[in-house]
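Can you keep this structure in mind? I'll have questions shortly.
Laboratory data are not the source of any read-out in this text; all were calculated from the coordinates shown. As the structure is a prediction and not an experimental result, all values here were calculated from the model. Here Cβ is always computed from backbone atoms with ideal geometry, including for glycine, and neighbour counts include all displayed protein chains.
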Amino acid sequence: MSHDSYQSPFCTRYASREMQYLFSEEHKFRTWRRLWIALARAEQAEGLPITDEQIAELEAHRDDINYEDAQRREKECRHDVMSHVYAYGLQCPHARGIIHLGATSCYVGDNTDVLVMRDALELVRKKLLNVMDKLAAFAEEYKALPCLAYTHLQPAQLTTVGKRACLWLNELRMDYEELEHRIGTLALLGSKGTTGTQASFLELFDGDGAKALAVERRIAEHFGFERVVPVSGQTYSRKVDYNVLSTLSGIAQSAMKFANDVRILANFKEMEEPFEEHQIGSSAMPYKRNPMRCERICALARYVMADVLNPAFTAGTQWFERTLDDSANKRIAVAEAFLGTDAILNILLNVCGGLVVYPKVIRARVMAELPFMATENILMDAVKRGGDRQALHEKLRVYARQAARAVKEEGLPNPMLDLVCADPDFGADRAALEAVLEPSHYVGRAPAQVEEFLAADIRPLLDAHRDALGMTAKLSV
């Protein structure tokens, strides 16, 4: 690895080799050649004088790209597509005259972009399913473990650790549905020509529009697409890129929510991400266990979410049938959004597969707050024994303020139960009050909600993709 020039951290630290390959030049230029071969086959099938020998020659050199020839030619002609047409022609002298026949640059450029995005979306889908599988197992395991729930980041009623995991899981489920929609509606550009009118193909087929349409249909079918873009200028609408990156942004948003929650829970010492035996948390403080994985998720998620602005501006500045000021931006923005999302999912796989829970800490924090939350139950029990509801309510309000002051200002344990026990109007002994303070009585339907959600929404989805599950992720740093 070179150390004297900039290298993207996506390649050296974060994104998987599999995702990096999808956006590599090797994959791009091999796809260009597949598209040229598909075009030649479709044109031959519709009657153009293209021979089997010419197509065989193209097939023979589909993957052995002569980069030096292409690079030398591009320095002369300043056109990447034509330089590769030229280089391919050097390898295929008999087929040289029919390479790229009737096509414009966007035939290979845009169709390749769609094919790459489809493959990349499918890789994202696979990793997302694996993250969901790990979170589902976690939710099932801890479905009944009571913990503090928060509104405004202040203790509210109780929930369970598993129910909170279902909140994370449900957002990923929503992302999955959006991902499925995006994959299912992705369309190939097809063979539209210079301004989208297919005029060049009409010329090739002597005005026979049916043949021009048939060529496009054959190309789409060859690459596994049921449809092509219905109308276009030279390019597919750049709103496609915006929609795809918005889907990736949704995944980043869900991941950031999860990671921030885990970071806060690590501060509470209730839960934390995996921490390896020889991992160093701080160069200065040996005791530190910083949540570096979740911090990295948040950092990368911020990047992906901000990156959506790029295709938004690109889509809004396409003049008439196309302008080229999208090109440099597009090749960076789309690739890095996928690389960033891939990196996020890799870390999620690692974290969700090794979340650490501390039930005793969770219970201690619950019991410190539960006397406040149990005041309604205490009140009802006292009223059943003949107490005055309004008078007892006022006393509980006063005791709650006293208890809060003791906890916050004096650092004492919560004295709420002691204050109630000492008041004869409540007529309750310590044992009776402690029986009221069983955390499982305050979680509502949380355990049942976990079971219902997993059974109705998650397990059928995971079962349908069981062959894609079982992924793990080791992080570079």
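Just subtract the alpha-carbon distance of Leu101 and Asp467 from 0.36 nm times their residue separation and send over the number in nm, one decimal. Each step should come with its number before you reach the end.
On the way: separation 366, 0.36 × 366 = 131.76 nm, distance 4.15 nm.
Fully extending the segment from Leu101 to Asp467 adds 127.6 nm.
Sort Val357, Val215 so the one with the fewest other Cβ atoms within 10 Å of its own Cβ comes first. Don't skip to the end; give the middle numbers.
Numbers: Val357 16, Val215 26.
By the 10 Å Cβ count, ascending: Val357, Val215.
Run through every distinct alpha carbon pair of region 134-186 and return the Kirkwood hydrodynamic radius in angstroms, one decimal place.
Its Kirkwood hydrodynamic radius stands at 12.5 Å.
Can you give the Rg to Rh ratio for region 1-141, taking only C-alpha atoms and Rh from Kirkwood? Could the numbers behind the result be given before it?
Values: Rg = 19.6 Å, Rh = 17.6 Å.
Rg divided by Rh gives 1.12.
Give the lysines whose C-alpha is closer than 21 Å to that of Lys269, dropping any in the same chain fewer than 8 places away, or say none.
Lys143, Lys163, Lys257, Lys288, Lys360, Lys408
OK, next. How much mean residue ellipticity at 222 nm does the chain get from its helices, if each DSSP H run of length 4 or more adds -39500 (n - 2.57) and you divide by all residues, to the nearest 500 deg cm²/dmol? Intermediate results must be reported in sequence, preceding the final value.
Values: 20 runs with 295 residues, N = 477.
Only helices count here, giving -20000 deg cm²/dmol.
Using only the alpha carbons of region 249-381, determine the length spanned along each of the three principal axes and report them from longest to shortest in whole angstroms.
74, 47, 26
Now for a separate question. With a length cut of 18 Å (Cα positions projected on each helix's long axis) and a Kyte-Doolittle mean of at least -0.5, go through the chain and give me the DSSP H helices that pass. Please list the in-between numbers first.
On the way: long enough: 25-45 (30 Å, -0.93); 105-141 (54 Å, 0.13); 161-185 (37 Å, -0.61); 209-222 (20 Å, -0.27); 239-268 (43 Å, 0.32); 292-307 (22 Å, 0.31); 327-352 (37 Å, 0.91); 359-373 (20 Å, 0.49); 389-410 (30 Å, -1.04).
Helix filter hits for the chain: 105-141, 209-222, 239-268, 292-307, 327-352, 359-373.
Taking every eigenvalue of the Cα gyration tensor of region 68-215, multiplying by 5 and rooting it, what semi-axes result, largest first, whole Å? If you can, show how the numbers build up before the last one.
Details: eigenvalues 580, 71, 34 Å².
Ellipsoid half-lengths, sorted descending, are 54, 19, 13 Å.
Hey, what does the equivalent ellipsoid look like for region 1-53, semi-axes from the Cα gyration tensor as sqrt of 5 times each eigenvalue, largest first, whole Å? Please report the intermediate quantities before stating the final value.
Values: eigenvalues 308, 23, 9 Å².
Semi-axes (√(5λ), whole Å): 39, 11, 7.
Please give the charge dipole size of region 348-477, origin at the Cα centre, charges +1 on K and R Cβ atoms and -1 on D and E Cβ atoms. Round to the nearest 20 debye. Write down the numbers at each step before the final one.
Values: 16 positive and 18 negative charges, 63 e Å.
It comes to approximately 300 debye.
Bin all alpha-carbon pair distances of region 350-477 at 10 Å intervals from 0 and give each bin's fraction as a whole percent.
10, 28, 23, 16, 13, 9, 1
Given a Förster distance of 22 angstrom, what is the FRET efficiency for Arg405 paired with Ala432, based on the Cβ-Cβ distance and rounded to 0.05? Write out the running numbers ahead of the final one.
Values: r = 25 Å, r/R0 = 1.16.
Efficiency, from the Cβ-Cβ distance: 0.30.
When Rg is the radius of gyration of the Cα atoms in region 338-387 and Rh is its Kirkwood radius, what does Rg/Rh come to?
Numbers: Rg = 21.6 Å, Rh = 14.8 Å.
Rg/Rh: 1.45.
Could you please rank Asp463, Asp208, placing first whichever residue has the fewest other Cβ atoms within 10 Å of its Cβ?
Numbers: Asp463 9, Asp208 14.
Listed from fewest to most nearby Cβ atoms, that is Asp463, Asp208.
Can you give me the orientation-averaged projected area of the convex hull built on the Cα atoms of region 93-145, in nm²?
5.6
Can you pull the semi-axes for the chain, root of five times each eigenvalue of the Cα gyration tensor, sorted largest first, whole Å?
Whole-Å semi-axes of the equivalent ellipsoid: 62, 23, 18.
Tell me, how many Å apart are the Cα centres for region 326-347 and for region 405-430?
56
Can you give the Rg/Rh ratio of region 375-436, where Rg is from the C-alpha atoms and Rh is the Kirkwood radius?
Working: Rg = 11.5 Å, Rh = 11.8 Å.
Rounded to two decimals, Rg/Rh equals 0.97.
Could you tell me the extents of region 22-98's C-alpha atoms along the three principal axes, largest first, rounded to whole Å?
Sorted from largest, the Cα extents of region 22-98 read 36, 28, 18 Å.
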